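The values are calculated or read from the model by the stated rules, or taken from the named source; none is laboratory data. Since we're looking at a predicted model, the values are computed, not measured. All Cβ positions, even for glycine, are placed from backbone atoms using ideal geometry, and neighbour counts span all protein chains on display.
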Amino acid sequence: MKSYTDYMWFNTKNKVEFINITGEVETCLKKSLIKEGFALVSAMHITAGVFVNDAESGLLEDIKEWAEKVAPFNINYRHHRTGETNGDAHLKNLLIGHEVIVPVTKGEFDFGPWQQIYYAEFDGQRRKRLIVKIIGE
Amino acid sequence: MKSYTDYMWFNTKNKVEFINITGEVETCLKKSLIKEGFALVSAMHITAGVFVNDAESGLLEDIKEWAEKVAPFNINYRHHRTGETNGDAHLKNLLIGHEVIVPVTKGEFDFGPWQQIYYAEFDGQRRKRLIVKIIGE
Amino acid sequence: MKSYTDYMWFNTKNKVEFINITGEVETCLKKSLIKEGFALVSAMHITAGVFVNDAESGLLEDIKEWAEKVAPFNINYRHHRTGETNGDAHLKNLLIGHEVIVPVTKGEFDFGPWQQIYYAEFDGQRRKRLIVKIIGE
């Protein structure tokens, strides 16, 4: 079994920002030389997520609006007693999920026609990290 | 390390339909000859999900109703400017999740007493695909 | 490829309870002798979840309150015709997710600074089980 580990850093301009990382994760896959296996793409912070969906700009805005509706900012979260104001970002992380597993077949992501990997920042404007770990052969 | 890859196609009668695929995924596991490892079951389209829950018909209807409540159809989604009308199906995919990993122990799914694997179609009446990929030994 | 399988049992005092299991899962990792790979942590019941988030007591209460808001108790769920009253716990399981994959690098969980693994009981006061399965080398 081979394994490959890499990290990406983000420091977004906006508090909420979705970044298509499919190309960068493909670069990791090429470097790994793994032909059959699983790629884990996982946010290492608890106020950011990773999801797979369509690279359509209108939809990405819909997803942001939806996440805000289902897990809204609220100054009264108990978590804010610690001095933080990002309680909603923790909830959005749970809503969207913080990781995906991508199947690798014949050295490529075994994706459907519209699947793209997104890093979902919900509490940006600070340095945050993501792990790509691929195992297989 | 062994790996096994298979695909399932769906073309549901209804727009929203949940299909118990536990038996088909077990057939994949038998063919794989893998005794210890992980099985990934992942929708290859971004308007369908995969989840693990109870094979109870009332509950399945509750889940459909709940998904519609939390991620409702809305003609005004920005995504619909592309000509699509399935914005809600993209959001339901994010709510439910598009993949599960099932542990494989001694050649069987290492499941609790009620765990069943469901394909969750949120935008059916068209051909859509799912991948089963199993890695292990 | 090595694999390691272990189980944890829970019988919580309260219906809803979140339990930090990071230390126990780390003990499994040490026993496994696996240095590079993936650890799956997955609830074996369909009314409990597993998530990764911050060990901050206020936030944990916020998450409970949020899960109840998004997937509330409702006596009228169809699932209750079976005699159960835990329909909401099934929905909360789908909201939060029932499993996480943790990357293992150099024999340690490859986590960010605040990532902790939680068992999320949504229908407790009964014996329930969770699986930890680690594969790698």
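Quick one: is B:F111 out of contact with any Phe, Trp or Tyr (no Cβ under 9 Å at 6 or more places or on another chain), among the hydrophobic types (A, V, I, L, M, F, W, C) and more than 24 Å from A:K92 (Cα to Cα)? Yes, satisfied. The set of residues from the range A:64-100 being surrounded by fewer than 24 Cβ atoms within 10 Å (Cβ to Cβ) and β-branched (V, I, T) comprises A:V70, A:I75, A:T82, A:T85, A:V100.
Residue count for the range A:78-108, restricted to those that are in contact with a Phe, Trp or Tyr (Cβ under 7 Å, 6 or more places away or on another chain) and part of a loop (DSSP other than H, G, I, E, B): 1. Of the numbered criteria (1) farther than 20 Å from C:E99 by Cβ; (2) in contact (Cβ under 8 Å) with a residue 12 or more places away in the chain; (3) more than 10 Å from every other protein chain (Cβ to nearest Cβ); (4) not acidic (D, E), the one A:A39 fails is (1).
Just one of A:G112, A:G124 is at pLDDT 95 or above, assigned to a loop (DSSP other than H, G, I, E, B) and within 16 Å of the chain's Cα centre (by Cα); which is it? Answer to the check: A:G124. Just for the range C:82-137: of the residues that are among the hydroxyl-bearing types (S, T, Y) and touching a strand residue (DSSP E or B) at 6+ places or on another chain (Cβ under 8 Å), which one is nearest to the other protein chains (Cβ to nearest Cβ)? It comes out as C:T105. Of the residues making up the range C:42-56, just one is within 26 Å of B:L40 (Cβ to Cβ), touching a Ser or Thr at 6+ places or on another chain (Cβ under 9 Å) and either within 12 Å of chain B (Cβ to nearest Cβ) or charged (D, E, K, R) (or both), namely C:V50.
Counting only residues that are more than 10 Å from C:D88 (Cβ to Cβ), of a type outside the set (A, V, I, L, M) and not in a loop (DSSP other than H, G, I, E, B), the range C:58-77 holds 7 of them. Pairing each residue of the range A:110-125 that is over 17 Å from A:K64 (Cα atoms) and in contact (Cβ under 8 Å) with a residue 12 or more places away in the chain with any residue that is part of a loop (DSSP other than H, G, I, E, B) and among the charged types (D, E, K, R), provided the two are 6+ apart or on different chains, yields C-beta distances under 6 Å for A:W114/A:D54.
Residue count for the range B:102-130 under the criterion of being closer than 30 Å to C:M1 by Cα and touching an Asp or Glu at 6+ places or on another chain (Cβ under 6 Å): the result is 2.
Within the set C:K31, C:K13, the sole residue that is touching a residue at least 60 places away in the same chain (Cβ under 8 Å), more than 12 Å from C:F122 (Cβ to Cβ), more than 14 Å from chain B (Cβ to nearest Cβ) and out of contact with any Asp or Glu (no Cβ under 7 Å at 6 or more places or on another chain) turns out to be C:K13. Can you pull out every residue in the range C:13-38 that is crowded, with 18+ Cβ neighbours inside 10 Å and over 13 Å from the mean Cα position of the chain (by Cα)? If the condition is that a residue be crowded, with 18+ Cβ neighbours inside 10 Å and over 13 Å from the mean Cα position of the chain (by Cα), then C:C28, C:L29, C:S32, C:I34, C:E36, C:G37, C:F38 are the ones that fit. Consider the range B:98-109 and keep the residues that are under 15 Å from B:G37 (Cβ atoms) and not hydrophobic (A, V, I, L, M, F, W, C). The one that is nearest to the chain's Cα centre (by Cα) is B:P103.
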